[in-house]
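The values are calculated or read from the model by the stated rules, or taken from the named source; none is laboratory data. Worth saying up front: this structure is predicted, and the values here are computed from it rather than measured. Heads up, the Cβs are rebuilt from the backbone with ideal geometry, glycines too, and the neighbour counts pull from every protein chain shown.
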Amino acid sequence: MSANPGLAYQDTPPFSAPLRFFLTAPLFGVVAGLVLLFAPGVLESRWTPPALALVHLFAAGFMLQVMLGALLQVLPVVAGAAMPAPARVAGASHLVLAGGTLALAWGLGRIAPEAILAGAGLLAAGLLIFLAAAVRALLDAPATAGASRTPRDLRYALAGLAVTAALGVLLALVLSRGLALPVPLPMLVDLHAGWGWLGWGGLLLAATSWVVVPMFQITPAYPARLTRHWAPTVLVALLAWSAATLGGHALPATATGLALLALAALFAIATVRLQSRSRRSTPDASFRAFRLAMFAALGGLVALLGTMLTDIERLPVVAGVLVMHGAFGGAISAMLYKIVPFLTWLHLTQAGIKAPNMKKLLPDAPMRRQLQAHAATLAVLLAAAVLPVLAPLAGLLLMVEFGWLFGNLLRAVRAGRRARG
Amino acid sequence: MNTIVVDTRGLEPPEPFERAMEALVDLKPGESMRLLLDRMPHPLLRMLDRDGYRHAAEVREDAVEILITRP
């Protein structure tokens, strides 16, 4: 095994395994748009039932689907961890998770306790299937020496996902079965969101960025000190914040909360600085979208800071829009535009077929226009957080954005099919 | 003997792989090329093994350098 953080493609799973996740994910964005379009007052607070449905369509639908698809691909290639029967694991967990997300969103949006419980149960079952296969693969993987921190940080992100899911199941039991807990419900929701955003989403985005940003955006590597210490520090800070919050210690909870915001900002700033040193002559659409996502993350962190220090009414919704749609939505779209054409190319090449140029599989212009739609949607979503009358327009734009993303990804896959003849 | 140099540093995947494959086509038996990359090209090395090319890799601070010789 080479000490160089190169990529080993011989363990690549069949294309259909990650692809089913990548193509389903944008459809959840379209459904989220429907909720915004038809549920009145959805963005009036983070606690309205349709807002909870919206958040879960986006997080457990769009984000989770893409992230699991990417993990299927990344675990064998970057961590040398090949899953047993990847196509079957992907097929089973994909269906169960998609059904669970729809049930959960329906239950939260319509205040239907049985649907909440069924949704949470299905999500937990789907994740168990996936996590069991992932853990098995990671245990069997050869120990990789060398500079890449990605394999270790992927393990941390899976642990963060497990904690987020466990807290989610607990919340579902509280809401549907009246399970009595010694802590107030909003506190448990904050822990669930904190672990979801940073313990799972943030760690996974960072672990992937360590490899993908230098590779596709032609930048220098991230500073070794950052990649060595960032993820473990985030995990320790999350545990300390959780303990302080549960223990009701206000000052340590605030201090560790601020530390978490600072850590997230550090990652975003390091990425923006790295991008400014790219050797690319002209930034492509994906590059610009990733940069916008990092600025949205910084804006979201400032808004979160505001929610800790003030009681400004709409600020939590603004923070949610910036972090989820702006930062995660933007960065994930940018990565999908690199991953899906690249995998199409890779599978053709491995089959001994002369693959078309990546630019032919998916030209820059449709990506650029779709990502402009993403930026416009973000702007209107932010406006709708302050002026709720704009929510239906934001919903319409969200449907256009994600429908378009689906169309563009399908275009790359179809170009690959045509090359096969 | 001439050794051609193919520098693929700073190119976005999969262009380094494509450039290397194009250069390999022009190589005559016994000729060598030096390939400079940003990271270890595992897929290319597997393809070289399969087709019987000899190769030696050196990991440097500024590049991964592979000396490839056509049999």
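Here are some notes:
- Given (1) surrounded by fewer than 21 Cβ atoms within 10 Å (Cβ to Cβ); (2) among the small types (Gly, Ala, Ser); (3) closer than 29 Å to A:GLN65 by Cβ; (4) in contact (Cβ under 8 Å) with a residue 60 or more places away in the chain, index of the condition A:ALA224 fails: (3)
- Filter result (more than 12 Å from the chain's Cα centre (by Cα) and within 9 Å of chain A (Cβ to nearest Cβ)) within the range B:15-33: B:GLU15
- Among the residues listed as A:PRO214, A:PRO252, A:PRO232, the single one being surrounded by fewer than 20 Cβ atoms within 10 Å (Cβ to Cβ), part of a helix (DSSP H, G or I), more than 14 Å from chain B (Cβ to nearest Cβ) and within 21 Å of the chain's Cα centre (by Cα): A:PRO232
- Residues of the range B:34-65 that are assigned to a strand (DSSP E or B), under 23 Å from A:LEU346 (Cβ atoms) and more than 10 Å from chain A (Cβ to nearest Cβ): B:LEU35, B:LEU36, B:HIS55.
- Residue check for A:MET335: within 14 Å of chain B (Cβ to nearest Cβ) and closer than 23 Å to A:SER278 by Cα: yes
- Near pairs, Cβ below 7 angstrom, 6+ apart or cross-chain, from the range A:329-357 (crowded, with 21+ Cβ neighbours inside 10 Å) to any residue that is part of a helix (DSSP H, G or I) and aromatic (Phe, Trp, Tyr): A:ALA331/A:PHE290; A:ALA334/A:PHE290; A:LEU336/A:PHE22; A:LYS338/A:PHE216; A:VAL340/A:PHE22; A:ALA355/A:TRP345
- All positions within the range A:383-396 that are closer than 24 Å to A:VAL66 by Cα and crowded, with 23+ Cβ neighbours inside 10 Å: A:ALA394, A:GLY395
- Members of the range B:8-58 that are touching a residue at least 40 places away in the same chain (Cβ under 8 Å) and exposed (fewer than 15 other Cβ atoms within 10 Å of the Cβ): B:ARG9, B:LYS28, B:PRO29, B:GLY30
To keep it simple, each residue is scored yes or no on (1) under 27 Å from A:PHE406 (Cβ atoms); (2) away from chain B (no Cβ under 14 Å); (3) surrounded by fewer than 21 Cβ atoms within 10 Å (Cβ to Cβ); (4) at pLDDT 90 or above.
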{"residue": "A:MET1", "(1), (2), (3), (4)": "no, no, yes, no"}
{"residue": "A:GLY6", "(1), (2), (3), (4)": "no, no, no, no"}
{"residue": "A:TYR9", "(1), (2), (3), (4)": "yes, no, yes, no"}
{"residue": "A:PRO18", "(1), (2), (3), (4)": "yes, yes, no, yes"}
{"residue": "A:PRO26", "(1), (2), (3), (4)": "yes, yes, no, yes"}
{"residue": "A:GLY29", "(1), (2), (3), (4)": "yes, yes, no, yes"}
{"residue": "A:ALA39", "(1), (2), (3), (4)": "yes, yes, yes, yes"}
{"residue": "A:GLU44", "(1), (2), (3), (4)": "no, yes, yes, yes"}
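- The condition (being at negative phi, in a helix (DSSP H, G or I) and touching a His at 6+ places or on another chain (Cβ under 8 Å)) is satisfied by just one residue among A:LEU378, A:LEU348: A:LEU378.
- Some residue of the range A:237-247 being within 14 Å of another protein chain (Cβ to nearest Cβ), farther than 30 Å from A:ALA391 by Cβ and touching a Gly at 6+ places or on another chain (Cβ under 8 Å): no
- Counting residues in the range A:190-210 that are within 14 Å of another protein chain (Cβ to nearest Cβ), of a type in the set (A, V, I, L, M, F, W, C) and closer than 25 Å to A:LEU127 by Cα gives one or more.
- Test: residue in the range A:131-153 that is closer than 18 Å to A:ALA59 by Cα, modelled with pLDDT of 95 or more and under 17 Å from the mean Cα position of the chain (by Cα): no
- Helices (runs of 4 or more DSSP H) wholly inside the range A:31-115 that include at least 3 residues being touching a residue at least 40 places away in the same chain (Cβ under 8 Å) and farther than 30 Å from A:THR208 by Cα: A:86-110
- Screening the range A:358-368 for residues that are assigned to a helix (DSSP H, G or I) and either of a type in the set (A, V, I, L, M, F, W, C) or free of Cβ contacts under 8 Å to residues at least 12 places away in the same chain (or both) and picking the one that is nearest to the other protein chains (Cβ to nearest Cβ) gives A:MET358.
- Any hit, the range A:140-155, residues being buried (at least 19 other Cβ atoms within 10 Å of the Cβ) and in contact with a Lys or Arg (Cβ under 8 Å, 6 or more places away or on another chain): yes
- Among the residues making up the range A:381-421, a single one is closer than 18 Å to A:LEU348 by Cβ and outside any helix (DSSP H, G or I): A:GLY421.
- Failed condition for A:ALA379, given (1) more than 25 Å from the chain's Cα centre (by Cα); (2) modelled with pLDDT of 95 or more: (1)
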